Amino acid sequence: MKHEYLETSVWFKDKITDPYQIIAAFFDAADIAHHRKIIKNILQVACSERCWEKQVPGHLLYEFSLLESVINAAWVLDQEKKKDPLFINPEDVFNPNLFVGWHGKLTKWDFLPRSLSYKEFANPYRVFKRFFRFQDIANWKEQLQLLMDYSLRSMNLLELEDIRPLSLYFQLTKLVEAAHLIDVREVNHVGGHVKNRISKRRL
């Protein structure tokens, strides 16, 4: 396989041998609620005259590295044409076993994917395919760099004509929600440690 994700990588430059463990590490670093909030906050700051003030710039760099890691993992899985191994009926969409993660402080509502259609909920790999149809991995990396730059400067991303912030927000949110479902359904450990026995290292 051509390692396009490595050729385009900005912050996360590791070669991926197991994309599922990259996804597991993404949700070990922080839960789905945190990742959704970070995406929203980044877009809000980048599309304003404000600069990132919530944490030190190094912390924002870490958030972008995490986000790039899950994009890279999604690209690898999409190239492998993966499909959800489960058959999910419409009446099963509120079955907590299908979407509730191992982070103990969150509610079912926190875990529930809000931006996915039923078909995407039933087969989250569909989201990866649509994510890279929206734009290829090289363009995604360029968009991430723009978001990073405009988050750290007193400049408004909306001044650029070819930027669609709402589309970026929904695409990125759908990506992390789909990755969350795959993590819940198909990954039972992080680096060899069973999930529900891991010390909670939340950001």
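For the Cα atoms of the chain, what angle does the longest principal axis make with the long axis of helix 137-151, in degrees from 0 to 90, nearest 10? It works out to around 60 degrees. Pairwise Cα separations in the range 63-203 fall into 5 Å bins from 0 onward with the following percentages, short to long: 2, 9, 17, 20, 18, 16, 11, 5, 2, 0.
Take the chain and mark each of the GluC sites (Glu not before Pro) that is in a DSSP loop with at most 15 other Cβ atoms within 10 Å; the longest unmarked stretch, sites excluded, is 81-160.
The distance separating the Cα centre of the range 16-88 from that of the range 130-177 comes to 13 Å. Just the protein heavy atoms count here, and of the accessible area of the chain at 1.4 Å, carbon and sulfur take up 51 percent. Put simply, the amide H of Val190, placed in the peptide plane, has neighbours under 5 Å in Lys195, leaving out anything fewer than 5 places away on its chain.
In the chain, the calculated helix contribution to ellipticity at 222 nm averages -17000 deg cm²/dmol per residue, counting -39,500 (n - 2.57) for every DSSP H run with n ≥ 4. Loop exposure criterion: chymotrypsin sites (Phe, Trp or Tyr not before Pro), DSSP state outside H, G, I, E and B, at most 15 other Cβ atoms within 10 Å. Applied to the chain, the longest stretch between such sites is 95-203.
A prolate overall shape is assigned to the range 1-70, the ratio a/c of its alpha-carbon gyration tensor axes (a ≥ b ≥ c) being 1.5 or greater and a/b exceeding b/c. Solvent exposure of the range 46-187 amounts to 51 Å² per residue of accessible area, where only protein heavy atoms count and the probe is 1.4 Å. Dividing the convex hull volume of the Cα atoms of the range 1-117 by its residue count, what figure in Å³ per residue is obtained? So the per-residue Cα hull volume is 143 Å³.
The values are calculated or read from the model by the stated rules, or taken from the named source; none is laboratory data. Bear in mind that the values here come from a model prediction, so they are computed numbers and not experimental data. FYI the Cβ positions are ideal-geometry reconstructions off the backbone, even for glycines, and counts take in every protein chain you see. For the accessible areas, the whole protein counts, side chains as well, though only heavy atoms, and no ligand, DNA or RNA atoms are used. Shrake-Rupley method; radii C 1.70, N 1.55, O 1.52, S 1.80 Å.
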